[in-house]
Amino acid sequence: QFHRLVGFDHFYVYDNSLAHNTTQDLSRALESFGPDVVTRIAWPFRVCNNNAPVTRDSLERNGGERSSQYAADNSCRSRYGSYTEWMATFDTDEYLVPVGNY
């Protein structure tokens with residue numbers, strides 16, 4: 001509700017709940033907002049390959065994989081960017097707080 005109060009009018013939620021061995025996703029929590037306010041995209045991925053050059057050091061760390069959040073962000077911009085004037089990316093525990101004279 002906070003983001004609605006500060007002026008956001010639509011949300012694209014990339015729900016990766018099922019990637020974390022749970023049987024519940026966010027669909028029930030989001031349905032009260034309605035499709036005119038929230039678009040839920042099932043995103044059951046934990047990691048993606050960033051196509052970075054693989055070195056012995058990086059292979060030992062993570063094999064070139066990174067959080068699927070980067071792929072979700074790219075997907076959102078590609079799929080929905082042309083339908084909006086402004087777009088921001090937040091985790092569920094992050095807030096945009098305007099300060100000063102705006």
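Which of the helices (runs of 4 or more DSSP H) found entirely inside the chain contain at least 1 residues meeting this: modelled with pLDDT of 80 or more, hydrophobic (A, V, I, L, M, F, W, C) and surrounded by 12 or more Cβ atoms within 10 Å (Cβ to Cβ)? Write out each step before concluding.
Working: elements: 2-5, 27-30, 56-61, 69-80.
Because the criterion is at least 1 residues that are modelled with pLDDT of 80 or more, hydrophobic (A, V, I, L, M, F, W, C) and surrounded by 12 or more Cβ atoms within 10 Å (Cβ to Cβ), the helices (runs of 4 or more DSSP H) in the chain that meet it are 27-30, 69-80.
Which residue pairs have Cβ atoms under 9 Å apart, sit 6 or more places apart or on different chains, and have a first residue in the stretch 4-31 that is over 17 Å from Arg79 (Cα atoms) and a second that is part of a helix (DSSP H, G or I) and acidic (Asp, Glu)?
none
The values are calculated or read from the model by the stated rules, or taken from the named source; none is laboratory data. As the structure is a prediction and not an experimental result, all values here were calculated from the model. Please note: Cβ atoms are built from the backbone with ideal geometry, for glycine as well, and neighbour counts cover all protein chains shown.
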